[in-house]
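Following: one structure in structure tokens, then a few remarks.
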Amino acid sequence: MFGSLETRIHISDVENKTVICFDTGLDPRSFARAKMPQSLTETGFIVHPDGSHEIWKLSGVNEINGTMQIFGHIPFKDAAEGKRLDLLLSQEDSQAALEAVTFWIRAKLILGDKFSSLNPGAAFINQDGRVFFAPENLSNRCLFIEGKEDGLSLQDKYKCPDLTGLGEAVAAAFCAGVMLYTILAKTHPYPAAEIYQDMREGIFMPVHLAIPNLNKQLSGLIQAALMLPVKKKPSSENTNMLGGTEILGELLKILTDKESLFRALTEEENAQIKKEKEQYLLKKKTVENTVRYVMRNKLLLGGIAAALLFVIFFTGSLIKSSLERPTTKELNSHAVVAAYYEAFNSLDHTFMEACLMGANKSDISTVTNFFVISNVRRFYEPMADDLLIPMEIWIQQGGELPAPNVFGTTDLTITHIGGSETENQIYYRADYLFFMPNELPINRSDILTLKLDRRNNWRITEILRSSN
């Protein structure tokens, strides 16, 4: 089916008309705060079988069961015609999936440089070859929530972020390669958790080993598509590599040919493939036991390495900061608590250190890691975008999820729950939302104990944390 009531993108009746709905998962107030009404200006595309295409626009907003949904007219003659591409990829009918990907490739070539969503979950296709590309940002939000509810990976497994900015055809060719590999090999080329690292390093079972009986030309094209993130920058070694448009065009030519996509293998070929596969698996295991260990512990190891670099290149700054180390002097107990949580957003780990006296320092370790990595990246890549954007700027921009480059706290509420400053011991509860990059925000509730130190400055001696 084109969609279902269980999915965040589904068919529904609005004002006696059948429409496609995008369930944002937001109540009316959150919908307005996130500036979601702006999504109504976002457009999609419909590519027709005759090679023509048109812009698709959203129609309106309504509330169903307490959540806000944005809707637009059905891009097909009836609701049962269209099928979502990502759902086709996971079905047993590989022929239907291949046909759908063929139509998708054709539509991408027709659109050319016109930007349209790459996510297969945002593409809907019917048997006649009509392809609908939903608005990207809106559909990505719905698919993100849908994946979270189903316990699925929230990563988009069909596009590589390293290809952003290299043109529509390059990104589309890689996406087509991943989809075809998934259909023909009956497994995703990047099944590991380090999916994006695998993409940029070209770590996947080579196509001629994963699908040994596949047509050699098609096998080579899929391999070339999957290697685009590895060879994304021109060099003397890859000046003859196929570009995105060429890969898509050749793929379409082979997929629409009536000849079989598979061939018979000789005994010699089978023996050679078996040998190469064993060598590849041995090499892959070595990589997983070494490089992958580093990747799984990249925050810790990266923090240590970055800290060493930071010491080398910023010794002067560290010496100066040690002489001017901040304190909680002249701050009352409530102000100390408020300033401690505000320091998350500014990555001010030195002030957080000044706030604590015996309390657990795991917060400081987390903030320090992000502070060091951000500064080292700024040193080596002065023209690159910041690793993290300030919390207040993210909120001003609409506060949309997922938030891949946001870290810190918001919606802070501090409540006095016991003790007093005259007793030299006081208790507060701090309720707030905590953000980590690429993760959904966590509701936290901390119980904090504060006491005066020997210089009569209020400091935090204990933090008891709960979250949901």
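The values are calculated or read from the model by the stated rules, or taken from the named source; none is laboratory data. Just so we're clear, the structure is a prediction, and the values are computed from it rather than from any experiment. Neighbour counts are summed over all protein chains in view; Cβ atoms, including those assigned to glycine, are modelled from backbone coordinates with ideal geometry.
Would you mind finding the one in VAL207, VAL170, VAL230, VAL178 that is among the β-branched types (Val, Ile, Thr) and over 24 Å from the mean Cα position of the chain (by Cα)?
Details: VAL170 fails: over 24 Å from the mean Cα position of the chain (by Cα); VAL230 fails: over 24 Å from the mean Cα position of the chain (by Cα); VAL178 fails: over 24 Å from the mean Cα position of the chain (by Cα).
Sole residue among the options that is among the β-branched types (Val, Ile, Thr) and over 24 Å from the mean Cα position of the chain (by Cα): VAL207.
How many residues, within the stretch 4-33, are surrounded by 12 or more Cβ atoms within 10 Å (Cβ to Cβ) and assigned to a loop (DSSP other than H, G, I, E, B)?
First, pick out the residues of the stretch 4-33 that are surrounded by 12 or more Cβ atoms within 10 Å (Cβ to Cβ): 7-12, 14, 18-28, 30-33.
Pick out the ones that are also assigned to a loop (DSSP other than H, G, I, E, B) and you get 7-8, 24-27.
Number of matching residues: 6.
Residue by residue through the stretch 87-121, note down the ones that are part of a helix (DSSP H, G or I) and either without any contact (Cβ under 8 Å) to a residue 40 or more places away in the chain or in contact with a Cys (Cβ under 8 Å, 6 or more places away or on another chain) (or both). Full working, then the answer.
Narrowing the stretch 87-121 to residues part of a helix (DSSP H, G or I): 87-89, 94-111, 120-121.
Answer for the stretch 87-121, where residues must be part of a helix (DSSP H, G or I) and either without any contact (Cβ under 8 Å) to a residue 40 or more places away in the chain or in contact with a Cys (Cβ under 8 Å, 6 or more places away or on another chain) (or both): LEU87, LEU88, GLN95, ALA96, GLU99, ALA100, PHE103, PRO120.
For the stretch 31-54, what are the residues that are touching a helix residue (DSSP H, G or I) at 6+ places or on another chain (Cβ under 8 Å) and at positive phi?
Selection gives GLY51 alone.
Name the residues in the stretch 450-468 that are of a type outside the set (D, E, K, R) and touching a residue at least 60 places away in the same chain (Cβ under 8 Å), would you? Don't jump to the end; show me each part of the working.
Kept after step one, since they are of a type outside the set (D, E, K, R), are these residues of the stretch 450-468: 450, 452, 456-458, 460-461, 463-464, 466-468.
Passing the criteria: LEU450, ASN457, TRP458, ILE460, THR461, ILE463.
With the checklist (1) among the small types (Gly, Ala, Ser); (2) touching a helix residue (DSSP H, G or I) at 6+ places or on another chain (Cβ under 7 Å); (3) over 19 Å from HIS334 (Cα atoms) in hand, flag the one item SER365 doesn't pass.
It is condition (2) that SER365 fails.
How many residues are surrounded by fewer than 18 Cβ atoms within 10 Å (Cβ to Cβ) and farther than 15 Å from PRO75 by Cβ when one looks only at the stretch 111-139?
6
Which one is surrounded by the fewest Cβ atoms within 10 Å (Cβ to Cβ) among residues in the stretch 378-409 that are aliphatic (A, V, I, L, M) and at pLDDT 80 or above? Step through it out loud before you land on a result.
Restricting attention to the stretch 378-409, the residues satisfying the condition of being aliphatic (A, V, I, L, M) are 383-384, 387-389, 391, 393, 395, 401, 403, 406.
After this cut, where a residue has to be at pLDDT 80 or above as well, the list is 388-389, 391, 393, 395, 406.
On the way: LEU388: 21, ILE389: 16, MET391: 21, ILE393: 9, ILE395: 14, VAL406: 23.
Checking each candidate, the answer is ILE393.
Kindly indicate whether GLY44 is under 27 Å from GLY129 (Cβ atoms) and either assigned by TED's automatic domain parsing to the domain that holds TRP104 or surrounded by 15 or more Cβ atoms within 10 Å (Cβ to Cβ) (or both). Before you say what the answer is, go through the steps one by one.
Details: under 27 Å from GLY129 (Cβ atoms): yes; either assigned by TED's automatic domain parsing to the domain that holds TRP104 or surrounded by 15 or more Cβ atoms within 10 Å (Cβ to Cβ) (or both): yes.
Answer is yes for this residue.
Report yes if PHE132 is over 20 Å from the mean Cα position of the chain (by Cα) and modelled with pLDDT of 90 or more, otherwise no. Give the steps one after another, and end with the answer.
Working: over 20 Å from the mean Cα position of the chain (by Cα): yes; modelled with pLDDT of 90 or more: yes.
Taking the combined requirement at face value, the residue satisfies it.
Would you confirm whether or not the stretch 456-463 contains a residue that is on the phi < 0 side of the Ramachandran plot, within 33 Å of the chain's Cα centre (by Cα) and surrounded by 13 or more Cβ atoms within 10 Å (Cβ to Cβ)?
The initial filter retains those residues of the stretch 456-463 that are on the phi < 0 side of the Ramachandran plot, namely 457-463.
Cutting the leftovers down to within 33 Å of the chain's Cα centre (by Cα) gives us 463.
Restricting the remaining residues to those that are surrounded by 13 or more Cβ atoms within 10 Å (Cβ to Cβ) gives 463.
Scanning the stretch 456-463, I find at least one residue that is on the phi < 0 side of the Ramachandran plot, within 33 Å of the chain's Cα centre (by Cα) and surrounded by 13 or more Cβ atoms within 10 Å (Cβ to Cβ), so the answer is yes.
Only one of ALA122, ALA185, ALA176, ALA107 is under 19 Å from ILE254 (Cβ atoms) and in contact with a Leu (Cβ under 8 Å, 6 or more places away or on another chain); which?
Details: ALA122 fails: under 19 Å from ILE254 (Cβ atoms); ALA185 fails: in contact with a Leu (Cβ under 8 Å, 6 or more places away or on another chain); ALA107 fails: in contact with a Leu (Cβ under 8 Å, 6 or more places away or on another chain).
Checking each option against the conditions leaves just ALA176.
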